[in-house]
Each structure stands twice: as C-alpha cells, then as structure tokens.
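Colleague: Dropping a structure here in structure tokens format, bear with me for questions.
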Amino acid sequence: ESWTKEGIEVFLKRLRPPFSADFVIMPHSSKPKGVAVKEESDRLLGRLSPDDFVILLDERGRNLSSPELSTVILAHTSQNIVFIIGGAYGVTDDVRRRANLVWSLSKLVFPHQLVRLILTEQLYRAQEIARGGKYHHE
C-alpha cells in the first residue's frame, strides 16, 4: 500500500547509524502451509551470519518498551542486527531458537506492511531516545 510505503520511507530517511536500516523482502512460498513455513524459514536461516544479533518479531515474544528497544540496539552496535518478520504462517522453531530475542509488538497480529511501518517508527524512536531527542515523551 502506498500509505505504508510512504511512511516507511519517511522513517528510513531519518535513521542514522547504528539505527539505520534497510529491508530485504523475501518472496513467499507458494507451497502448502507446513511446507511453506519450512521453506521460508530455511531461506531466512541461510541468509544469517553466525555473528548476527537476531530479533524475531512474534506476537508470542517479549514486550519491550521503546527505551528498552533502544538499549538493546545500543548494546549490540558491534553486531549486525537483523529483525525478522516471519511469513504469513510464521517461522519454524529453528528460527525461534536462532533468535537472540523474540519481540512482540502486541498480542495482536498485524499485516506485514504495517509491521514494517511500526518497526521503522520504533527504530526512529529508539534513535531519538538514545540521542536525547524530543520525539519520545516519557
């Protein structure tokens, strides 16, 4: 959707290292659910480096406040931080085990494009918290 794409681009342009980001959109599998989850998860795992700090977004994960997210990112600036948004049917347990942190935006389930928008906004908010900006209000 154009409105999410525009919002994502606005926040991506505002991000500076170590908060800068880009998205790698991987195609969905056309196979049945169980096979698709395995295929997509294997492709995700194949793209990861052993040194990556992996954050999996999953509604069953841990809730973080925006300041906590900022702290997590700052604690891992020496690593490549990879955020994973799973496919429509989720990810395998192998991906969950590989994740250094499983983060829940909410117990609600959101469409992927909305998750990307929320994620980029939260990265910007984390950046502004770290630099003492006025964007985030406690």
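Colleague: Please give the helix 66-75 orientation as an angle from the longest Cα principal axis of the chain, in degrees from 0 to 90, rounded to the nearest 10.
Modeller: Rounded to the nearest ten degrees, it is 80.
Colleague: Please give the FRET efficiency for residue 60 paired with residue 80, using the beta carbon to beta carbon distance and R0 = 25 Å, rounded to the nearest 0.05.
Modeller: About 0.50, to the nearest 0.05.
Colleague: Same structure again: How much length would be gained if the chain were fully extended between residue 33 and residue 109, taking 0.36 nm per residue of separation minus their Cα-Cα distance, in nm to one decimal?
Modeller: Between residue 33 and residue 109, full extension yields 25.6 nm more.
Colleague: Could I ask something else about it? Which whole-number percent is the relative contact order of region 4-90 (Cα, under 8 Å, 6+ apart)?
Modeller: For region 4-90, the relative contact order is 34 percent.
Colleague: Of the DSSP beta bridges with both residues in the chain, give the percent that are antiparallel, rounding to the nearest 5. Please list the in-between numbers first.
Modeller: Numbers: 1 of 11 bridges.
DSSP beta bridges in the chain are roughly 10 percent antiparallel.
Colleague: Helix-only estimate, please: 222 nm mean residue ellipticity of the chain, summing -39500 (n - 2.57) across DSSP H runs of length 4 or more and dividing by its residues, to the nearest 500.
Modeller: Working: 5 runs with 64 residues, N = 138.
Here the helix-only value at 222 nm equals -14500 deg cm²/dmol.
Colleague: Ranked by accessible surface with a 1.4 Å probe, highest first, in what order do 52, 93 come? Please list the in-between numbers first.
Modeller: Working: 52 15, 93 100 Å².
Highest to lowest solvent-accessible surface, that is 93, 52.
Colleague: Also: At R0 = 30 Å, how high is the FRET efficiency between residue 22 and residue 45 if r is their beta carbon distance? Nearest 0.05 is fine.
Modeller: Computed FRET efficiency for residue 22 and residue 45 comes out at 0.95.
Colleague: Where a Cα-Cα gap under 26 Å defines reach, which lysines qualify for residue 33, not counting those fewer than 8 residues away within the same chain?
Modeller: Result set, ordered by chain and number: 107.
Colleague: Using only Cα atoms and rounding to the nearest 10 degrees, what angle (0 to 90) does helix 112-131 make with the longest principal axis of the chain?
Modeller: The angle comes out at about 30 degrees.
The values are calculated or read from the model by the stated rules, or taken from the named source; none is laboratory data. On a predicted model such as this, the values are computed, not experimentally measured, just so you know. Here the Cβ is made from the backbone with ideal geometry for all residues, glycine too, and neighbour counts use every protein chain on show. The protein model used for the area step is the full one, side chains on, heavy atoms only, and it has no ligands, DNA or RNA in it. Shrake-Rupley method; radii C 1.70, N 1.55, O 1.52, S 1.80 Å.
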